[in-house]
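A short reminder: the numbers here are calculations on the coordinates, not readings from a lab. Keep in mind the model is a prediction, meaning the values are calculated, not measured. Heads up, the Cβs are rebuilt from the backbone with ideal geometry, glycines too, and the neighbour counts pull from every protein chain shown.
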Amino acid sequence: MVDTRFFNHSGKLTVAEIAKICDAKIITPGSENELINDINMMTSAQKGEVCFFYDRKKKAAGAEIKASVCVTSADLAQFVAQGVIILTTENPKLAYLKLNEAMYSQKRPQAGVSPLACIDSSAEIGDGCSIAPYAVIGANVKIGKNTIVEPFAVVEQGCTIGDNCRLGAHCYIAYSIIGNHCYIYNGARIGQDGFGFETINGVHKRIPQLGRVIIGDDVEIGSCSCVDRGALGDTIIGDGCRIDNLVQIAHNDKLGRGCIIVSQTGIAGSCNFGDYVVCGGQTGFADHLNVGSFAQVGAQSGAMRDIEPGSIVMGSPCVPIKDFMRQVSFVQKSSKK
């Protein structure tokens, strides 16, 4: 059961309304007008609630469902407990997402600028924005409509933030142009110096970092992740990317559309990723690599060479997934001799 202290609840829905939202067919006749209060997990849902059943591995648990309504696929409907109203749809996971969005929303702070915020007189703040206490917004910053800036967030001079964005508490943004519908989570660091230096006569001389960070639309960057600005060119994060917590993206990296970068991944400088690349947790990339579109890199892998489009690789150094499995099998068999 969702705690409504933290989320807005839209109210009760009829079974017919749920079916429409989920693009589902009502299998149990005469149930269209029954009211449902809430959404819950399959193992926890009770009377008055709706649950979702989409994992064939848990088909035995279907007989234990106590929810009033179960949204499932046609092939799993036979495993649902007697007395439960059944709705079937082609994609129960997508149905869950749709109903979740219809029933709940995050609580949003009221629009307005706190008198405790520090905002330069030259900054432009769009209509409907919420600027929290102790936020700092520098000179010539432009922030679009309906954007939320949480406490202690810092937006340095000259940055541009699009419409409907959210800048989490204590995040820091500099040298950056950010699109619409982006969420920069708490403590993220966007646009700080890249790790660039030359060693001259035994002394590490810092190389000035003169580039920017360009972030597209509908991008999320997780808590305490870092995206360094470019040395001369720009660091670019494409539309629709999802970057988890504790990720390092170095200077001049370029990510295509829809990439998924999981926690503790580190990408060295000047790497180029295609579209929809997926990196598992704790993956590492040497500098100047090209990773093709739709490539998948398994958790804890180390990439030392370019990765072809559509490849699935794993290991350190990473190799095609079948080769990695053979290596693991060989080591396991050898260790038992």
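Spin-label model, Lys57 to Val113: label points 7 Å out along the Cα-to-beta-carbon direction sit 5.3 nm apart.
Near Asn290, the amide H atoms lying under 5 Å from its own belong to Asn272, Asp306, Ile307; only residues 5 or more places off or on other chains count, and H is placed 1.01 Å from N. Antiparallel versus total DSSP beta bridges in the chain: what percent is that, nearest 5? In the chain, approximately 15 percent of DSSP beta bridges are antiparallel ones. Counting 0.36 nm for each residue step from Leu35 to Thr4 and taking away their Cα separation leaves a gain of 9.3 nm. Distance from the alpha carbon centroid of the range 174-221 to that of the range 233-279 works out to 12 angstrom. Here Lys336 is the anchor, and the lysines within straight C-alpha reach of less than 29 Å, apart from those fewer than 8 places off in the same chain, are Lys322.
Taking the chain as a Gaussian network of alpha-carbon nodes connected by springs under 10 Å, the highest mean-square fluctuation of the residues Lys20, Lys66, Lys57 belongs to Lys57. For the chain, the convex hull drawn through the C-alpha positions has a volume of 180 cubic angstrom per residue. Annotated for the range 7-106: lysine pairs at least 8 residues apart or interchain, Cα distance under 16 Å, count 12.
To make sure I understand the rule: partners must be aspartates and glutamates, Cα under 19 Å from the Cα of Lys205, and not fewer than 8 residues away in the same chain. Which ones qualify? Answer for Lys205, where 19 Å is the Cα cut-off: Asp193, Asp228, listed by chain and number.
Here Ala74 and Tyr104 are evaluated by their C-beta separation; at R0 = 25 Å the FRET efficiency comes out at 0.40.
Treating r as the C-beta distance of Glu64 and Ser122 and R0 as 56 Å, the FRET efficiency rounds to 0.35.
The stretch between Arg305 and Cys224 holds 26.4 nm of extra length on full extension. This uses 0.36 nm per residue minus the Cα-Cα distance. Once both labels are positioned 7 Å from their Cα atoms along Cα-to-Cβ, the gap between His288 and Lys205 label points is 2.0 nm. The fewest-to-most ranking of Arg242, Arg212 by surrounding Cβ atoms within 10 Å reads Arg242, Arg212. Rounded to the nearest 500, the 222 nm mean residue ellipticity of the chain from helices alone is -3000 deg cm²/dmol, with -39,500 (n - 2.57) taken per DSSP H run of at least 4 residues.
Where both bridge residues fall in the range 7-106, DSSP classifies roughly 40% of the beta bridges as antiparallel.
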